[in-house]
Every structure is written in structure tokens, then in C-alpha cells.
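The values are calculated or read from the model by the stated rules, or taken from the named source; none is laboratory data. This is a predicted model, so every value here is computed, not measured. Cβ coordinates were reconstructed from backbone atoms using ideal geometry, including for glycine residues, and neighbour counts include every protein chain displayed.
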Amino acid sequence: MIERYKEDFVGIFKPLTRLFVKNGWHPDLLSTLGLLGNIVAALLFAMGFFRSAGICVLLAGLFDVLDGEVARMGHKSNTFGALLDSTLDRYSEIFVAFGITVFFVRNGWVMTSAILFFALAGSLMVSYVRARAEGLGETCKVGLMQRPERVLAIAAGGIIGVEALAIVMWFIAFLTHFTVAERVWHVWKKTKRIGLKQGE
């Protein structure tokens with residue numbers, strides 16, 4: 001859903017993107033800063049500082065957006081950078097989920113702690129299905145709970161408070177797996193249409 005507003009969002013931060021390019025900031029550095037921001041967020045979640053953690057998740061998400069824009073504007077896009085960005089994104093999700101889990105386990109939120117496993121698994125599977133589909137030559141950017149939605153949901157939940165974050169994680173646990181099904185269905189429909197056309 002957020003993908004359709006991405007261009008407007010990127011436009012708002014275009015002066016910052018130009019500044020990074022002008023000062024020679026490498027997109028891989030921004031990707032790494034995004035990971036470090038999420039590690040800090042994970043530590044804050046684990047210690048119960050939810051509002052600060054939510055803000056850290058937002059800032060790390062901003063770096064995650066700007067690294068690609070800096071790569072394009074600075075003509076530094078390359079295969080390794082794309083791989084590094086995707087890899088660090090997955091580690092970011094793992095760290096943040098771990099930090100949230102530590103808090104919930106320590107404070108007796110047994111069911112929510114358990115559901116976090118499915119939330120993390122679903123998040124990783126959403127990314128895997130897209131990567132696998134693209135490796136097979138199919139585009140697959142559809143789905144209700146993609147990474148930008150997950151980042152904003154976790155950040156909002158953290159800023160609002162622990163109960164809100166718990167609800168968010170339950171929603172992510174369900175909607176990520178729904179998104180996996182959406183993506184598999186999307187690729188199935190595309191490949192089926194291609195097969196029908198080839199059989200004409």
C-alpha cells in the first residue's frame with residue numbers, strides 16, 4: 001500500500017539525498033547505518049524504552065529508503081550494493097524482532113512472545129518469495145504487509161506503547177503470511193497467463 005506513496009515520500013527528502021551525494025556518502029554506508037539504527041532499536045525495545053525504539057526504527061527506515069536513492073542519484077548502483085542492502089534489511093528485522101521478544105519474555109507475555117516467531121518467519125518469507133520470483137524472471141512487489149508497512153507498523157506500535165506493539169505483532173504474524181499467499185498467487189496467475197498465450 002505504501003509503495004504507491006513512495007515517490008512523494010522520496011521527493012520530500014530529495015534535498016537530503018542531494019546533500020549525501022554531494023558529500024560523497026556511499027549508499028553502502030547508509031545501508032550499514034540503517035542496520036546499526038535497528039540494532040540500537042532492538043536494545044531499546046529489550047530494555048522497555050518503546051518510544052525511543054520506535055523513533056530509532058523510523059530513522060533506520062529513512063536510511064533504508066535513502067540508500068537506494070543515493071545510489072541512483074550518485075550513479076553508484078551495483079549488484080553487490082543491492083545484495084548488501086537486502087541482506088542488512090533481513091538482519092535488521094531479525095535484530096528488532098529479537099529485541100521485542102526479549103522484553104515480552106522477561107515480562108511474562110507468553111503468547112505474544114510465541115507469536116513473534118511467526119511474525120519474523122512471515123516477514124522473512126515475504127522477502128524470500130519476492131527474491132525467488134525475481135530470480136525466476138517474474139516481478140513480485142504485490143502484497144499487503146511489505147517491508148515499509150512492517151517498519152511503520154512496528155515504529156507506530158513502539159511509539160504508542162507496549163499494548164499497541166503487542167497488537168501490531170499479532171497483525172504482522174497474520175498479515176505477512178497472507179502476503180506470502182498473495183505473492184504466490186500473483187506469480188501463479190502471471191505464469192498461467194503466459195502459458196495460455198504460448199499455447200495459443
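Looking at (1) at pLDDT below 95; (2) surrounded by fewer than 17 Cβ atoms within 10 Å (Cβ to Cβ); (3) under 17 Å from G54 (Cα atoms), can you tell me which one E149 breaks?
Condition not satisfied by E149: (2).
Give segment 10-31 a look and list any residue that's without any contact (Cβ under 8 Å) to a residue 40 or more places away in the chain and within 15 Å of S77 (Cα to Cα), or say none.
Hits for segment 10-31 are G24, L29.
Would you mention how many residues in segment 63-79 are in contact (Cβ under 8 Å) with a residue 24 or more places away in the chain, assigned to a helix (DSSP H, G or I) and surrounded by fewer than 18 Cβ atoms within 10 Å (Cβ to Cβ)?
1
Given V110, V105, which one is free of Cβ contacts under 8 Å to residues at least 12 places away in the same chain, of a type outside the set (G, A, S) and surrounded by 14 or more Cβ atoms within 10 Å (Cβ to Cβ)? Break it down into steps so the answer makes sense when it comes.
Working: V110 fails: surrounded by 14 or more Cβ atoms within 10 Å (Cβ to Cβ).
Going through V110, V105 in turn, the sole match is V105.
Condition check: farther than 18 Å from G99 by Cβ, more than 15 Å from the chain's Cα centre (by Cα), at pLDDT 95 or above and surrounded by fewer than 20 Cβ atoms within 10 Å (Cβ to Cβ). Does A164 satisfy that?
no
Say whether the condition of being in contact with a Cys (Cβ under 9 Å, 6 or more places away or on another chain) and over 18 Å from F95 (Cβ atoms) is met by at least one residue in segment 134-141.
Checked against the condition, which is being in contact with a Cys (Cβ under 9 Å, 6 or more places away or on another chain) and over 18 Å from F95 (Cβ atoms), segment 134-141 yields at least one hit.
Conditions tested, residue by residue: (1) touching a Ser or Thr at 6+ places or on another chain (Cβ under 9 Å); (2) over 30 Å from T79 (Cα atoms).
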| position | (1), (2) |
| --- | --- |
| M111 | no, yes |
| A114 | no, yes |
| V126 | yes, no |
| T139 | no, no |
| G143 | yes, no |
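Please pick out the residue among V126, V142 that is more than 18 Å from L165 (Cα to Cα), surrounded by 20 or more Cβ atoms within 10 Å (Cβ to Cβ), touching a helix residue (DSSP H, G or I) at 6+ places or on another chain (Cβ under 8 Å) and not basic (K, R).
Values: V142 fails: surrounded by 20 or more Cβ atoms within 10 Å (Cβ to Cβ).
The conditions single out V126.
Is it true that some residue in segment 5-20 is surrounded by fewer than 22 Cβ atoms within 10 Å (Cβ to Cβ), touching a Gly at 6+ places or on another chain (Cβ under 7 Å) and assigned to a helix (DSSP H, G or I)?
no
Just the residues that are aliphatic (A, V, I, L, M) and under 16 Å from F104 (Cβ atoms), please, taken from segment 42-73.
A42, L43, L44, A46, M47, A53
Take the conditions of a type in the set (A, V, I, L, M) and modelled with pLDDT under 90 and apply them to V126. Does it pass?
Against the criterion (of a type in the set (A, V, I, L, M) and modelled with pLDDT under 90), V126 does not qualify.
Please determine, by comparing only the residues of segment 167-200 that are charged (D, E, K, R) and part of a helix (DSSP H, G or I), which one is modelled with the lowest pLDDT.
The extreme case among them is K197.
Right, S123: hydroxyl-bearing (S, T, Y), more than 24 Å from I12 (Cβ to Cβ) and more than 11 Å from the chain's Cα centre (by Cα) or not?
It is false that S123 is hydroxyl-bearing (S, T, Y), more than 24 Å from I12 (Cβ to Cβ) and more than 11 Å from the chain's Cα centre (by Cα).
Can you name the condition, by its number, that R90 falls short on among (1) within 21 Å of G37 (Cβ to Cβ); (2) among the basic types (K, R); (3) in contact (Cβ under 8 Å) with a residue 60 or more places away in the chain?
Going through (1) within 21 Å of G37 (Cβ to Cβ); (2) among the basic types (K, R); (3) in contact (Cβ under 8 Å) with a residue 60 or more places away in the chain one by one, R90 breaks only (3).
In segment 134-148, which residues are within 21 Å of D64 (Cβ to Cβ) and either of a type outside the set (D, E, K, R) or not in a loop (DSSP other than H, G, I, E, B) (or both)?
Scanning segment 134-148 gives E134, T139, C140, V142, G143, L144, M145, Q146, R147, P148.
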